[in-house]
Amino acid sequence: MKKKIVLVLSSKPDFYAWCESLLSEFEVLPASSLKTEDFSALALIVDYGSYDYVILSAIYTYFQEKRQIRLIFIGSDFALSAGERKSRFTKAKFFTADQYLQILRSVQAESLLSENLPYNTFVDDKFAEWNLTKGTEPNLELGDGDDSRKQMEELNRLLTVASNSDANVLLLGETGVGKSSAARKIHDLSSRRGGKFIEINIPNHIGRLESDLFGTVRGAFTEATNSDGLLKDAGEGTVFFDEIGDLPLEEQSKMLSLIETRCFRKMGSGVLERFNARMIFATNRDLRTLVKNHLFREDLFYRINTIVVEVPPLKNHRLDIPLMAKNFASGWNKMVSKSAILKLCSYSWPGNIRELKNCMERSCLLCPNRILEEKDILL
């Protein structure tokens, strides 16, 4: 008779059936079986695709407190190879199907059954820090976990695709969503990662864009000196033109010429210089409307949008807020409590990631304690 040792927590019948097939040498039961208090289970396997990040934390705490589970596995993709794995729990250890079987067999043989065996050996350790209350399901409108994950997976897929070529990329999204970080990720994943990443915020250079980008020779205009522009400094790296929608109409022809010819001249010079860097553009404006209103050149628009990537607002992937908040706080040597995390997740973040970062910096600076509580989060 098979020993009742493996519990499965999932809202997907096909995942439960898959586990039954994989673990055929064991008896696989739904996690609700734990309501019977007089037995212990060897493992709990959680399909993280069925639950959002905060609820998973509560699930983890609940089963860990029961101390009837020797091992807790999280993830529905553990049959994939290491190279194919994609998990939102970046520190979690995932295994192939064969590795899962070996672990379970070892525990069943009692070779690992000791009082010193940690109950969260195979789970992301940040769950323990949040320590959500047993049985609690926070009343948060975090949106559809599956949709949120799919948006971020699609974003990462497009950034990876963009990194594999030198095609022009146009990043779209609200102010503060992380377009600059997305551009840097494309650079870091590309063959140009050994070169420089130059970020040019268009509004900061209006009125002197040509001299700042192309450089000048002495005498080109009053007080002009010999100087190299930002484009020459980029070398074989990547140049990120942020807020390209704010480029004045009279300057757009020069940008179009740079894209088409890959050459430029310093102001006051007749010598053509070669531009070898990769170009990435970003804007929070509706370029099609600007084109329609004759505020943005149509030919320039079609030159910069070879690959279009939309970066979603933070409200569309609030399941990532806890990890981001923790990372921002760690830069100030601070930790974030459960109550603070719940407050952060309940806010709409109209300023997106930039607003979250500023909020965490402000809260960390003004909080005298090492752990940020709900009252310390200054929205």
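The values are calculated or read from the model by the stated rules, or taken from the named source; none is laboratory data. Fair warning: this is a prediction, and the values are worked out from it, not measured in the lab. Surface areas here come from the heavy atoms of the whole protein model, side chains and all, with no ligands, DNA or RNA. Shrake-Rupley method; radii C 1.70, N 1.55, O 1.52, S 1.80 Å.
Once backbone amide H atoms are built at 1.01 Å from N, Asn201 has Asp242 as its partners under 5 Å, excluding neighbours fewer than 5 places away on the same chain. Overall dimensions of region 227-302, expressed as equivalent-ellipsoid semi-axes from the Cα gyration tensor (√(5λ), whole Å, largest first), are 24, 14, 10. Here the accessible area of region 220-283 is 47 percent carbon and sulfur, with a 1.4 angstrom probe and all protein chains present. So what does log10 I(q)/I(0) come out to for region 155-303 at q = 0.14, 0.15, 0.20 Å⁻¹, using the Debye formula with one equal point on every Cα and no solvent? The Debye formula, applied to the Cα set alone, gives -0.69, -0.79, -1.32. Relative contact order of region 305-379: 37 percent, from C-alpha pairs under 8 Å at least 6 residues apart in sequence. Both radii are taken from the alpha-carbon atoms of region 316-379; with Rh as the Kirkwood radius, Rg/Rh is 0.91. Per atom type, region 314-379 shows carbon and sulfur on 55% of its accessible surface, probed at 1.4 Å. Here is the link list: Lys185/Lys343; Lys179/Lys232; Lys315/Lys357; Lys179/Lys292. Which ones come out longer than 26 Å on Cα distance? Lys185/Lys343, as the Cα separations exceed 26 Å there.
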